[in-house]
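Down below is the structure, laid out as structure tokens.
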Amino acid sequence: MTARFFDLDALGLTLLEESKGRAAALTRKGIIPCLALVEVGDDPQSATYVSRKIEDCKKVGIAVQKIVLPATVTQADLLDQILRLDRDTSITGILVQLPLPAHLNEGQVLQAITTEKDVDGLHSVNLMSLTTSDPSVIPCTVRGIDAVLQQTGLVLEGANVAVLGRGRLVGGPATLLFSGKSRNATVTSLHRKSRNFKDVLRNSDVIIAAAGSAHLVTPDMVRAGAVVIDVGMSWPEGSLQGDVHPAVAEIASWMTPPDRSFGVMTRMMLLKTVLDLAEKRIAA
Ligand code: GUN
């Protein structure tokens, strides 16, 4: 079997056009969607991610307020900034770019964002809603994974799904969403301490790889016809490598393009979520 590759760029373009229409409709109703982007420190990768988010917002007609704070900012000052953004009625969504410098308490910062403006969906109330039949805000990368899974026509209910990694942005929330009452898959969360790693993978209809460990998943670990989604990224020899070995394409039915970033889906889903939250304001 040779896998079909998801066309992430084409999907991304469709999503971009859809968001343009929604942003224009909101603006006509007098609501200007506005995303506050908080960047702490001068990590070059974070700066690149934030610039791309700003470009995307501009393309679709979402206003942006960028707040740059020094790497030395105190927890109290950062929390004050978030409180200010929470109170500012012109701002419809808030995103604090992660990771934060080590002296800051990331969990506490994410809890400070009001749930109605939490475009990352990382506040504990929004995270817990992922387990229910009606999730409120799905974290952007997980929303992208869900969208590509829908393309395959696979029935998630009752399917065996392996999630590799339990990070805050992807692995953790993916496990909550796919095992939850809206998607109803049977999910196994795999991590460093997992003993029967290969057996679980071989028994999986879907593999979601978010470990950040280059070419960790090899063809011998994959069931014929499985759907394999790779959002892991690492740069062991200077160039981007995913968690999934390219030769897995010989075994899988559907797969993300090998050693490519899933970023376009994450970015497009962020726009969608910003618009969702702005639209909810009208409904409220
Ligand atoms: N850093 C890398 N990806 C993300 C993301 O989706 N959200 C936030 N807040 N930070 C990130």
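When segment 102-129 is filtered for residues that are within 22 Å of ALA185 (Cα to Cα) and either hydroxyl-bearing (Ser, Thr, Tyr) or under 13 Å from the mean Cα position of the chain (by Cα) (or both), the ones remaining, listed by number, are GLY121, LEU122, SER124, LEU127, SER129.
Scanning segment 225-242 for residues that are within 16 Å of the ligand (Cβ to nearest atom), surrounded by fewer than 24 Cβ atoms within 10 Å (Cβ to Cβ) and not in a strand (DSSP E or B) yields a count of 3. Given the structure, is SER90 touching a residue at least 60 places away in the same chain (Cβ under 8 Å) and polar (S, T, N, Q)? It is false that SER90 is touching a residue at least 60 places away in the same chain (Cβ under 8 Å) and polar (S, T, N, Q). Cβ-Cβ contacts under 7 Å between residues 6 or more apart (or on different chains), taken from a first residue in segment 169-188 that is without any contact (Cβ under 8 Å) to a residue 24 or more places away in the chain to a second residue that is of a type in the set (Asp, Glu), are absent.
Every condition in (1) in a loop (DSSP other than H, G, I, E, B); (2) within 15 Å of the ligand (Cβ to nearest atom) holds for GLN108 except the one numbered (1). Candidates are the residues of segment 270-284 that are under 15 Å from LYS59 (Cβ atoms) and not basic (Lys, Arg); the one that is surrounded by the most Cβ atoms within 10 Å (Cβ to Cβ) is VAL274. Does LEU100 qualify as being in a loop (DSSP other than H, G, I, E, B), aliphatic (A, V, I, L, M), in contact with a helix residue (DSSP H, G or I) (Cβ under 6 Å, 6 or more places away or on another chain) and at negative phi? For LEU100, the condition - in a loop (DSSP other than H, G, I, E, B), aliphatic (A, V, I, L, M), in contact with a helix residue (DSSP H, G or I) (Cβ under 6 Å, 6 or more places away or on another chain) and at negative phi - is met. Each residue in segment 160-169 was checked for being in a strand (DSSP E or B) and surrounded by fewer than 19 Cβ atoms within 10 Å (Cβ to Cβ), and 1 pass.
Residues in segment 25-72 that are within 18 Å of THR92 (Cα to Cα), within 14 Å of the ligand (Cβ to nearest atom) and not in a helix (DSSP H, G or I): 7 in all. Taken across segment 138-154, residues that are under 14 Å from SER124 (Cα atoms) and within 16 Å of the ligand (Cβ to nearest atom) do occur, with at least one present. Residues that are of a type in the set (Gly, Ala, Ser) and crowded, with 22+ Cβ neighbours inside 10 Å within segment 135-159 comprise just one, GLY144.
Just checking, does segment 243-250 include any residue being surrounded by 18 or more Cβ atoms within 10 Å (Cβ to Cβ) and within 20 Å of the chain's Cα centre (by Cα)? Yes - at least one qualifying residue is present in segment 243-250. Among the residues of segment 129-139, at least one is farther than 23 Å from LEU13 by Cα and of a type in the set (A, V, I, L, M, F, W, C).
No lab work stands behind these numbers, since they all come straight from the coordinates. Quantities reported herein were computed from a predicted structural model and do not represent experimental measurements. Heads up, the Cβs are rebuilt from the backbone with ideal geometry, glycines too, and the neighbour counts pull from every protein chain shown.
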